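Quick notes on the structure that follows.
Every read-out reported here was derived from the displayed coordinates using simple, explicitly stated rules and does not represent laboratory data. Everything quoted here is computed from the prediction, not taken from an experiment. All Cβ positions, glycine included, derive from the backbone under ideal geometry; neighbour counts span all protein chains shown.
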Amino acid sequence: MVRTFKEFLGVEWVEGTGDFIKIDEAKCIGCRNCVNVCLAGCFEIVEKKARVKSLEKCMECASCWYVCSEDAVIFTWPLGGTGYKSDWG
């Protein structure tokens, strides 16, 4: 099944990605870097720790992983043929 969203024209999300982003709460310091960098709003802060709110609109850019100074974001690419696909590459 393919999903699209009006705020991301030319982009499709294909089911089957699984949990490819996780937060190691023991390492997270609640700095909000992942929340601030994510254009899809995938993260939230709960009890001073980052949590994955939803990966429904995740564009698999890995910015959350890149900006996490504590290595608390665990990011693995979704299986081939699933996840984010765009008209632009």
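A few remarks follow.
- Of all residues in region 45-76, those that are farther than 11 Å from ILE21 by Cβ and of a type in the set (Phe, Trp, Tyr) total 1.
- Hits in region 38-65 (condition: assigned to a strand (DSSP E or B), buried (at least 16 other Cβ atoms within 10 Å of the Cβ) and either free of Cβ contacts under 8 Å to residues at least 24 places away in the same chain or out of contact with any Gly (no Cβ under 6 Å at 6 or more places or on another chain) (or both)): PHE43, ALA50, ARG51, VAL52
- Pair list, Cβ under 6 Å, 6 or more apart: region 1-26 residue free of Cβ contacts under 8 Å to residues at least 40 places away in the same chain and part of a strand (DSSP E or B), other residue of a type in the set (Val, Ile, Thr) and surrounded by 11 or more Cβ atoms within 10 Å (Cβ to Cβ): VAL2/VAL14
- The listed residue being under 16 Å from the mean Cα position of the chain (by Cα) and among the aliphatic types (A, V, I, L, M), out of VAL46, VAL14: VAL14
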